[in-house]
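J.: I'd like to ask some things about the structure below.
The values are calculated or read from the model by the stated rules, or taken from the named source; none is laboratory data. As the structure is a prediction and not an experimental result, all values here were calculated from the model. A quick note on method: Cβ atoms are made from the backbone with ideal geometry, for glycine too, and the neighbour counts reach across all protein chains shown. We work out accessible area using only protein heavy atoms, side chains counted, and drop any ligands, DNA or RNA first. Shrake-Rupley method; radii C 1.70, N 1.55, O 1.52, S 1.80 Å.
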Amino acid sequence: MKVLIADDEFNVRDVIRHLGQWDLNGVTQILEASNGDDARQIIETAEPELIFTDIKMPGMNGIELIEWLNSISYPGKVVMITGYDDYAFMRKAIQNNSFDYLLKPIEEEAFNATLEKAANAWKEEQQNLLFTEDAKRLRLNQVMTAACQGEPAELELVAPYLPEAETYEVTLLSFYQMHQPDAHLDDLADHLLERWLGYAFKLQHQHNSGLVVTARGEWLAAEEWLVHHLDIPVRLVSGIIESLDDLPLLFPKLQKEMEEQNFRSIQRLDDLEAARRMQDIISYVDHYYMEDITLEKLANRFFFSREHISRKFKQETGMPLSKYLARLKTDQAKYWLRETDESIYSISSMLGYQDEKYFSKLFKKVVGVTPFEYRNSERQE
């Protein structure tokens, strides 16, 4: 069992590391992150079963982290750790399925009691999964994910779900960012299995991707199903293999084709969906404005060109993306300057600015005064 400790204070991470009765609870690896963005990257790659996260961190904070985890139905247990004894934080944590909530300073007895409860809850859920159909599907997805990553994989578990064929067509699907593909892939898998044409798998390391394996020449049946059952656009790239053992060689090629936008789409986008997706983009920017947001990243995430996003974003908000981001960051900075004692350097860092002077210059351009002048004027009133 893997544990992730996410806190921007080294001393806090160090205390937790030394307090925890890890061996007693079956913990074999302890991972650390100093901010929310690093935590998200570690979660996506290492998939820790238990997560202890601070609320106040630079970049993506703890609340945003558990909101993201909840949005992807992350199976691990999350415990919030914070110095704020605030019901609003606890309520937010509960709403996003946080397992428990601990206050700083961390006490050994309370921490280990929570660690034991979280570990036991996760183990119990895993035992229950073994007796469900979902467990079989999950195991198939895990096997295929491992094979795609070039890791040892029990491909003999997958073989009974595929028709006998001399060659297979492997199709990598990329779903629109704001929709979770799990249910669609499960239904497609059942459809293909019933007709004995192939199977669809959810990739565990890519939350918006799926892999479909069909006997060569049978992909059209899968595509027809997707067209009739989805109201969202899907990107796809395909390749041919002779056996599942060839997956580690083919999958990186499919990923590269997708990244280089050598894909095709099988779902036409209507005006209503386009308008809805622009609102998703604005909502995303409002939520993650402290991250490094660019037109390029938005284009890859939301299936629009950079030019389209730039034009439509200005039409919807009345200002270019760069100015909109600057306004959001400035408003957040004003709040921290008024309500906290954080240094100007710390505030600029939390907002993603590496250069305090650049932040101060941008702040003055938007507000009319420097951050220092703004803080003094607010506290004099």
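J.: I'd like to verify a number: residues in the stretch 13-38 that are of a type in the set (S, T, N, Q) and more than 19 Å from residue 55 (Cβ to Cβ), how many?
T.: Taking the stretch 13-38 and keeping what is of a type in the set (S, T, N, Q), we get 21, 25, 28-29, 34-35.
Those still in the list that are more than 19 Å from residue 55 (Cβ to Cβ) too: 21, 25, 28-29.
Here the count works out to 4.
J.: Let me ask you something else. Could you tell me which of the residues 36, 76 is surrounded by 16 or more Cβ atoms within 10 Å (Cβ to Cβ), small (Gly, Ala, Ser) and closer than 18 Å to residue 125 by Cβ? Don't jump to the end; show me each part of the working.
T.: Details: 36 fails: closer than 18 Å to residue 125 by Cβ.
Matching residue, one of 36, 76: 76.
Here is a yes/no grid of residues against (1) in a loop (DSSP other than H, G, I, E, B); (2) aliphatic (A, V, I, L, M); (3) within 20 Å of residue 97 (Cβ to Cβ); (4) in contact with a Cys (Cβ under 8 Å, 6 or more places away or on another chain):
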| site | (1), (2), (3), (4) |
| --- | --- |
| 31 | no, yes, no, no |
| 38 | no, no, no, no |
| 48 | yes, no, yes, no |
| 59 | yes, no, no, no |
| 64 | no, no, yes, no |
| 75 | yes, no, yes, no |
| 78 | no, yes, yes, no |
| 81 | no, yes, yes, no |
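J.: Please tell me if residue 169 is outside any loop (DSSP other than H, G, I, E, B) and either open to solvent by less than 10 Å² (accessible area, probe 1.4 Å) or over 18 Å from residue 266 (Cα atoms) (or both). Show your work before the answer.
T.: Working: outside any loop (DSSP other than H, G, I, E, B): yes; either open to solvent by less than 10 Å² (accessible area, probe 1.4 Å) or over 18 Å from residue 266 (Cα atoms) (or both): no.
No: the conditions fail for residue 169.
J.: In this structure, does residue 230 turn out to be under 25 Å from the mean Cα position of the chain (by Cα), open to solvent by less than 20 Å² (accessible area, probe 1.4 Å), under 28 Å from residue 281 (Cβ atoms) and modelled with pLDDT of 90 or more? Show your work before the answer.
T.: Working: under 25 Å from the mean Cα position of the chain (by Cα): yes; open to solvent by less than 20 Å² (accessible area, probe 1.4 Å): yes; under 28 Å from residue 281 (Cβ atoms): yes; modelled with pLDDT of 90 or more: no.
No, not satisfied.
J.: Moving on. Looking at (1) buried (at least 19 other Cβ atoms within 10 Å of the Cβ); (2) farther than 19 Å from residue 133 by Cα; (3) over 27 Å from the mean Cα position of the chain (by Cα), can you tell me which one residue 192 breaks?
T.: The failed condition is (2).
J.: Looking at the stretch 233-245, which of its residues are among the charged types (D, E, K, R) and open to solvent by less than 50 Å² (accessible area, probe 1.4 Å)?
T.: Within the stretch 233-245, the subset among the charged types (D, E, K, R) is 235, 242, 245.
Matches in the stretch 233-245: 235 only.
J.: Just to be sure, is residue 284 touching a Phe, Trp or Tyr at 6+ places or on another chain (Cβ under 9 Å) and aromatic (Phe, Trp, Tyr)? Reasoning before the result, please.
T.: Working: touching a Phe, Trp or Tyr at 6+ places or on another chain (Cβ under 9 Å): yes; aromatic (Phe, Trp, Tyr): yes.
In short, yes.
J.: Of all residues in the stretch 98-156, count the ones that are touching a Leu at 6+ places or on another chain (Cβ under 9 Å), aromatic (Phe, Trp, Tyr) and either touching a residue at least 60 places away in the same chain (Cβ under 8 Å) or open to solvent by 80 Å² or more (accessible area, probe 1.4 Å) (or both).
T.: Residues meeting the conditions: 2.
J.: Separate question: Only residues in the stretch 198-213 that are free of Cβ contacts under 8 Å to residues at least 40 places away in the same chain count as the first member; pair them with residues that are hydroxyl-bearing (Ser, Thr, Tyr), Cβ under 6 angstrom, at least 6 apart or cross-chain, and list the lot.
T.: Listed by first residue and then by second, the contacts come to 198/214; 209/174.
J.: Please specify each residue of the stretch 211-227 satisfying the condition of being more than 20 Å from residue 160 (Cβ to Cβ) and open to solvent by less than 30 Å² (accessible area, probe 1.4 Å). If you could, list the steps in order and put the result at the bottom.
T.: Step one: filter the stretch 211-227 for residues more than 20 Å from residue 160 (Cβ to Cβ), giving 217, 219-220, 223-227.
Of everything in the stretch 211-227, those that are more than 20 Å from residue 160 (Cβ to Cβ) and open to solvent by less than 30 Å² (accessible area, probe 1.4 Å) turn out to be 219, 225, 226.
J.: Here are some conditions: (1) open to solvent by 60 Å² or more (accessible area, probe 1.4 Å); (2) not in a helix (DSSP H, G or I). Residue 369 meets all but one. Which one does it not meet?
T.: Residue 369 satisfies all of (1) open to solvent by 60 Å² or more (accessible area, probe 1.4 Å); (2) not in a helix (DSSP H, G or I) except (1).
J.: Same structure, new question: Anything in the stretch 172-189 that is at pLDDT 90 or above and either more than 30 Å from residue 282 (Cα to Cα) or open to solvent by 40 Å² or more (accessible area, probe 1.4 Å) (or both)? List them, or say none.
T.: Residues satisfying the conditions are 186, 187, 188, 189.
J.: Follow-up. Would you confirm whether or not the stretch 155-166 contains a residue that is within 19 Å of residue 72 (Cβ to Cβ), in contact with a strand residue (DSSP E or B) (Cβ under 6 Å, 6 or more places away or on another chain) and at pLDDT below 95?
T.: As a first pass, look at the stretch 155-166 and keep what is within 19 Å of residue 72 (Cβ to Cβ): none.
Checked the stretch 155-166: no residue is within 19 Å of residue 72 (Cβ to Cβ), in contact with a strand residue (DSSP E or B) (Cβ under 6 Å, 6 or more places away or on another chain) and at pLDDT below 95.
J.: Could you grab me the full set of residues in the stretch 283-316 that are touching a residue at least 24 places away in the same chain (Cβ under 8 Å), farther than 26 Å from residue 354 by Cβ and open to solvent by less than 60 Å² (accessible area, probe 1.4 Å)?
T.: 302, 303, 304
J.: Check 35, 25, 11 and return the single one that is among the polar types (S, T, N, Q), at pLDDT 85 or above and touching a Gly at 6+ places or on another chain (Cβ under 9 Å). Explain how you work it out, then say what you get.
T.: Details: 25 fails: touching a Gly at 6+ places or on another chain (Cβ under 9 Å); 11 fails: touching a Gly at 6+ places or on another chain (Cβ under 9 Å).
The unique qualifying residue is 35.
J.: With the structure loaded, tell me whether residue 143 is over 18 Å from residue 264 (Cα atoms) and either within 25 Å of the chain's Cα centre (by Cα) or part of a helix (DSSP H, G or I) (or both) or whether it fails that test.
T.: Details: over 18 Å from residue 264 (Cα atoms): yes; either within 25 Å of the chain's Cα centre (by Cα) or part of a helix (DSSP H, G or I) (or both): yes.
Judged against the criteria, residue 143 is a match.
J.: Let me ask something additional. Return yes when residue 44 is surrounded by fewer than 17 Cβ atoms within 10 Å (Cβ to Cβ), out of contact with any Lys or Arg (no Cβ under 8 Å at 6 or more places or on another chain), at pLDDT 90 or above and part of a helix (DSSP H, G or I) and no when it is not. If you could, list the steps in order and put the result at the bottom.
T.: Details: surrounded by fewer than 17 Cβ atoms within 10 Å (Cβ to Cβ): yes; out of contact with any Lys or Arg (no Cβ under 8 Å at 6 or more places or on another chain): yes; at pLDDT 90 or above: no; part of a helix (DSSP H, G or I): yes.
Spelling it out, it is not the case that residue 44 is surrounded by fewer than 17 Cβ atoms within 10 Å (Cβ to Cβ), out of contact with any Lys or Arg (no Cβ under 8 Å at 6 or more places or on another chain), at pLDDT 90 or above and part of a helix (DSSP H, G or I).
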